[in-house]
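**Student:** Structure incoming, see below.
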Amino acid sequence: MKKVVFLLGISVICCAQLYAQGEFQLVEQTLTDADNQPLAVHPVPSERQLLWNETEFYAFFHYGMNTFTNKEWGKGDESESIYAPTQMPNPKQWLTACKKAGMKGGIAVVKHHDGFCLWPTATTDHNMTRSSGYGPQANIPELFADAARKLDMKYGFYVSPWDRNSAYYGKDNYVTDVFLKQCEELALYGDDQFEMWFDGANGGDGYYGGQNTTISIDASYYYDVPNLRDRVHRICKNCVMWGVGGEARWIGNEQGYAGETNWATFNPTTESNAIRQTGEENGWQWLPGESDAKATSAGWFWHAGETVLTAERLFQMYLETVGRNSTLILNCPPDKTGSLPAATVSRLEELGEMMTTRLGTDLAPSATITASEVRTSGANRDYKVGNMTDGDKETYWATNDGTTSATITLTWDEPTTVRYLQMMEYVRLGQRIQDFKVEYTEDGENWKELAKNIQTTTVGYKRIIPLNGKTASSYSGSGYKAKSLRITIDSARACPTLSNISVF
Ligand code: FUL
């Protein structure tokens, strides 16, 4: 009797002898991956995590009670009438400005720790229906979702699990009758939401319905996360539950940078902020990083006299987050009028122009590309080098199984000025690359290594290497005249895959 071996994804012939009606029959079974795709390196992203990653760069809008009290954390005892927009809040203006900066979406804070809700919730009276000015007319989630759809941007909401206003906070019925219901109400503003944001700040002192006390909870079970996920995903199937929700991780700082080495894999019980920045190669969960940072000088909420960071600084943040396998959620606070101040709008436009100048013209498609190895094609799929420049995220280059190092060379007809290299792994099959280097030659013979001071280790969903090794003011460099650019992948967890190479 021969052994039956089932090996998914590898072409094997399994033979088994089955006893039937008194005699042995030989049954031959063929399990073939006709496409010869590499086996996945686990853990791998879920479909919704993949879609979420594509949003890459999006805005955060902290707007609410604190906008009117000049605070960052309201205690929860603020009278509703203090929320008094002097004009009709205008999420369309917020998102339009952010789109010009190259952002693909936004998250609106609709309930911060003070518990004040910017929509007519059935869960508490502490909401905008009792506010003043233009407040009672402005249902922020409704206006925000509507504006995002019109602008073809992704959207989602920040709903603080911690509620310093609620008399029920700390008890079970806060979770069942207030928090989960609020999340469900918000989910109903659109099944096309891409992320719901759950902050980690939890428990502590507050008003709590007049108790004016300190309440501590254990966030690891208090918020009933499995139920929370189910209730939101039932309505919004592609909504990543951030932070407390356990589908994407905080990057470990609020300064707008990720580690140069950055794995999307992580052990969710790890508490070190330094490790949050780099992820964990052997992490058991796909938990990609998101970096939250402020575009302004003061707090998350608008404060009089604040300034907007320079476009150069914001571009640096982009390179150090999106360019390091993280997403970037950049906070742009609306003021008391309910709009973004003019200085923010013009800075975002400047940033957009900078992004287009620096990263807008891809030189890779005009190069001839060769690789040390190309994986053997399958019936309906090939792994040719052209897959990296065809603009199709579902096609990719790969080597054969067992080959974990390779070179890819791009050659131009004439020496071409290059400043940035962008690479994307086909992360659907897991994050693999562990170590690579980049070199160029001007004369076709002498090779020089670029960006030597940078850890050229991980790639992940997206990596952008400033070839002069500088993320700050990097464009001021005059670039490198390259006849050829060579990427050497020195090691990978399994045969490497790349779905994109771009050169700017
Ligand atoms: C923090 C909060 O406590 C801040 O107020 C802000 O919302 C920031 C984005 O997350 O943890």
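**Student:** Amide H of T265: which non-local residues (sequence gap of 5 or more, or other chain) have their own amide H closer than 5 Å, using H built in the peptide plane?
**Tutor:** The list, which skips near neighbours in sequence, is E280, L287.
**Student:** Shifting gears a bit: Decide, for the stretch 352-464, between rounded, prolate and oblate: order the square roots of the alpha carbon gyration tensor eigenvalues as a ≥ b ≥ c, take rounded if a/c falls under 1.5, and otherwise choose prolate if a/b is larger than b/c, else oblate.
**Tutor:** Taking the square roots of the gyration eigenvalues as a ≥ b ≥ c, the stretch 352-464 is rounded.
**Student:** Amide H to amide H under 5 Å from R324: which residues, 5+ apart in sequence or cross-chain, H placed 1.01 Å off N in plane?
**Tutor:** Under 5 Å from the amide H of R324 lie the amide H atoms of I464, each far enough along the sequence or on another chain.
**Student:** With only Lys, Arg, Asp and Glu charged, each at its Cβ (+1 for the first two, -1 for the last two), find how big the charge dipole of the stretch 97-154 is about the Cα centre; round to the nearest 20 debye.
**Tutor:** 340
**Student:** Give, as a single signed number, the net charge of other residues whose beta carbon lies under 15 Å from the beta carbon of L340, with Lys and Arg counted +1 and Asp and Glu -1.
**Tutor:** Counting the neighbours of L340, the net charge comes to +2.
**Student:** Quickly estimate the mean residue ellipticity at 222 nm for the chain, helices only: each DSSP H run with n ≥ 4 gives -39500 (n - 2.57), and the total goes over all residues, rounded to 500.
**Tutor:** So the helix-based figure for the chain works out to -5000 deg cm²/dmol.
**Student:** Hey, another quick one. Per residue, what accessible area does the chain have, given a 1.4 Å probe and all protein chains present, in Å²?
**Tutor:** Counting only protein heavy atoms, the per-residue value for the chain is 40 Å².
**Student:** I've got another one for you. Determine the relative contact order of the chain: mean sequence separation of Cα pairs under 8 Å and six or more apart, normalised by residue count, in whole percent.
**Tutor:** It comes to 15 percent, rounded to a whole number.
**Student:** While we're here: Hydropathy first: keep DSSP H helices in the chain averaging at least -0.5 on Kyte-Doolittle, then drop any whose Cα extent along the axis falls short of 20 Å, and list what survives.
**Tutor:** Those that pass (Cα extent of 20 Å or more, hydropathy at least -0.5) are 342-359.
**Student:** Let me ask you something else. Counting other Cβ atoms within 10 Å of each Cβ, which GluC sites (Glu not before Pro) in the stretch 203-308 have at most 13 and sit in a DSSP loop?
**Tutor:** E254, E271
**Student:** Determine how large the accessible area of K470 is when every protein chain is in place; take a 1.4 Å probe and give Å² rounded to the nearest 10.
**Tutor:** Surface accessible to solvent at K470 totals approximately 120 Å².
**Student:** Quick one: with all protein chains in place, what share of the accessible area of the chain is carbon or sulfur, to the nearest percent (1.4 Å probe)?
**Tutor:** Exposed carbon and sulfur together represent 49 percent of the surface.
**Student:** Tell me the accessible surface of E56 in square angstrom (1.4 angstrom probe, heavy atoms of protein chains only), to the nearest ten.
**Tutor:** Rounded to the nearest 10, that gives 10 Å².
**Student:** Quick one: how many Å² of R428 are accessible to a 1.4 Å probe, rounded to 10?
**Tutor:** 80
**Student:** Could you check what % of the DSSP bridge pairs in the chain are antiparallel, to the nearest 5?
**Tutor:** Roughly 65 percent of the DSSP beta bridges within the chain come out antiparallel.
**Student:** Listed here are the pairs K154/K437; K154/K294; K154/K470; K111/K171; which of them are more than 23 Å apart at the Cα?
**Tutor:** K154/K437; K154/K470
The values are calculated or read from the model by the stated rules, or taken from the named source; none is laboratory data. This structure is a prediction, so every number in the text was calculated from the model and none was measured. Quick reminder, even Gly has a Cβ in these numbers, built from the backbone with ideal geometry, and neighbours come from all protein chains shown. All accessible areas refer to the heavy atoms of the entire protein, side chains included, with ligands and DNA or RNA removed. Shrake-Rupley method; radii C 1.70, N 1.55, O 1.52, S 1.80 Å.
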